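Heads up, the thing below is written out as structure tokens.
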Amino acid sequence: MDAEVVLQEEDMEGSWTLLSWLASFVMVFGGALPYVPQYQEIQKSSNTEGFSTRVCLVLLIANILRIFFWIGKQFELTLLLQSVVMILTMFAMLHLCCTVQNANRVSTKQHRLSDLNLHYFWKWSAFEDYLLFCFGFTVVCAVITLLLLDSVVFVETLGSLAVMFEAMLGVPQLLQNFHNRSTKGMSVKMVLLWTAGDVFKTTYFVMNESPAQFWVCGSVQILIDAAILLQVLFYSQDTRAKLG
């Protein structure tokens, strides 16, 4: 009887380990999944108007900060890997957007980071400028982190900044939709996957007792996702009314 109990406990432990690995895999790569339909949408339409590239800005800053937060407070390795995957995904999105915009550009005038024109901040013509900006931001963060790594207040502030930026992920898209008075060109699948992912990761944070900053961030993101989905409903009704 004791042997059977031991076998059952081992089976349960094995199943729990498998589920844990599966959850970690989803956490690492699941965040990038929503951008697949948006990437395909931009490729298909050769138009970037419906997607806000400032989403990429927010996520790049958030995940670079999160990497330095991990250096100061080593939480789950899964979340560190998630940040690396997300940064690569955002660069892929920016590269596509730059390629499409340059192909559609009528004017030959280009806007570069070296122009130091705030009006065109994050509206640069060359993908290399986005890489250069992120490299510069990373170097500045590295220097400050090395100087203040022993400060608990600094490390916690870094974590709070990282999750605050991540919590604002959907805001640029929300504002873009409001400005366009339309959600055309924005992948609804992307937002639905955002919502599903945010619900999943918030649950993951709570169950794994991650730093409080993470589950607070996830909760805020769910609310913003819901607002964008309401925009989809509102603007589609508005469009139908105009057509009718």
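Anything in region 60-85 that is among the basic types (Lys, Arg) and more than 20 Å from Val26 (Cα to Cα)? List them, or say none. It would help to see each step written out before you state the result.
Of region 60-85, the ones among the basic types (Lys, Arg) are 66, 73.
Result: Lys73, single match.
Kindly indicate which of Ser236, Ser187 is crowded, with 20+ Cβ neighbours inside 10 Å and either under 20 Å from the mean Cα position of the chain (by Cα) or not aromatic (Phe, Trp, Tyr) (or both).
Just a single option satisfies the conditions, and that option is Ser187.
Can you tell me which residue is most open to solvent (accessible area, probe 1.4 Å) among those in region 31-75 that are under 18 Å from Val100 (Cβ atoms) and outside any helix (DSSP H, G or I)?
Glu49
Filter region 93-124 for residues that are surrounded by 15 or more Cβ atoms within 10 Å (Cβ to Cβ), of a type in the set (A, V, I, L, M) and in contact (Cβ under 8 Å) with a residue 24 or more places away in the chain and give the result.
Met93, Leu94, Leu96, Val100
Can you work out which of the residues in region 94-120 that are hydroxyl-bearing (Ser, Thr, Tyr) and assigned to a helix (DSSP H, G or I) is nearest to Phe133 (Cα to Cα)?
Result: Ser114.
Spot the failing condition for Ala162; the list is (1) assigned to a helix (DSSP H, G or I); (2) of a type in the set (A, V, I, L, M); (3) under 18 Å from Ile228 (Cα atoms); (4) under 13 Å from the mean Cα position of the chain (by Cα), and only one is missed.
Here Ala162 clears every test but (3).
When the residues of region 193-219 are filtered to those that are without any contact (Cβ under 8 Å) to a residue 40 or more places away in the chain and closer than 20 Å to Gln40 by Cα, which remaining residue is least open to solvent (accessible area, probe 1.4 Å)?
By that ranking, first place goes to Thr195.
Does Gln82 satisfy the criteria of being crowded, with 19+ Cβ neighbours inside 10 Å, within 19 Å of Arg54 (Cβ to Cβ), in contact (Cβ under 8 Å) with a residue 40 or more places away in the chain and in contact with a Phe, Trp or Tyr (Cβ under 9 Å, 6 or more places away or on another chain)?
It is false that Gln82 is crowded, with 19+ Cβ neighbours inside 10 Å, within 19 Å of Arg54 (Cβ to Cβ), in contact (Cβ under 8 Å) with a residue 40 or more places away in the chain and in contact with a Phe, Trp or Tyr (Cβ under 9 Å, 6 or more places away or on another chain).
If I ask for residues that are more than 23 Å from Leu175 (Cβ to Cβ) and in contact with a Cys (Cβ under 8 Å, 6 or more places away or on another chain), which ones from region 33-74 would you list?
Phe68
The values are calculated or read from the model by the stated rules, or taken from the named source; none is laboratory data. These figures come from a predicted structure and were not determined experimentally. So basically every Cβ, Gly included, is an ideal-geometry build from the backbone, and we count neighbours across all protein chains shown. Areas reflect the complete protein model, heavy atoms only, side chains present, ligands, DNA and RNA absent. Shrake-Rupley method; radii C 1.70, N 1.55, O 1.52, S 1.80 Å.
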